[in-house]
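This report concerns only the one structure given below.
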Amino acid sequence: MTLRTLQQKKDLCPGCPVARVADILGDSCSLLIVRDLMNTPKRFSELEVSLKGISTRTLANKLKQLEHEGMIMRNEYEKPQRVEYALSKKGAALDHVIDAMRSYGKKYL
């Protein structure tokens, strides 16, 4: 079954925590953003370089979505003027998930 609409995704196992996490992080872009922010905050341009092939618009939208979900924080600095993205406590709690996916990928893929 292919879920095409946001409503179809929300209707699928609405009380299941696994379904909720999959809804937030179920695309590779979101997981890779979390992976890249795991050790240190990054600027938008650094994320673009790391995530070759993702469009600027898609990256911006994913960052907004992850910020809205409380997974990342957008920090603005005045001197020098810049914006950095960092994991929130909620996002950093995914470290074991990312490590488990990395281990699984190395072992089985």
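Over all pairs of different C-alpha atoms in the chain, the reciprocal of the mean inverse distance, the Kirkwood hydrodynamic radius, equals 15.1 Å. The charge dipole of the range 3-109, taken about its Cα centre with unit charges on the Cβ of Lys, Arg, Asp and Glu (plus for the first two, minus for the last two), comes to roughly 180 debye.
Think of the chain as a dipole: +1 on every Lys or Arg Cβ, -1 on every Asp or Glu Cβ, centred on the Cα centre; then among MET71, LEU47, ALA86, LEU47 lies furthest on the positive end. Here nothing in the chain passes the span test, since no DSSP H helix has an alpha carbon length of 15 Å or more along the helix axis and a Kyte-Doolittle mean of 1.6 or above.
Each peptide among 44-54, 27-37 gets the average number of other Cβ atoms lying within 10 Å of its residues, and from highest to lowest they stand as 27-37, 44-54.
Quick note: the coordinates plus some simple rules give every number you see, no bench work behind them. This structure is a prediction, so every number in the text was calculated from the model and none was measured. Cβ sites come from the backbone with ideal geometry, for glycine too, and all protein chains shown count toward neighbours.
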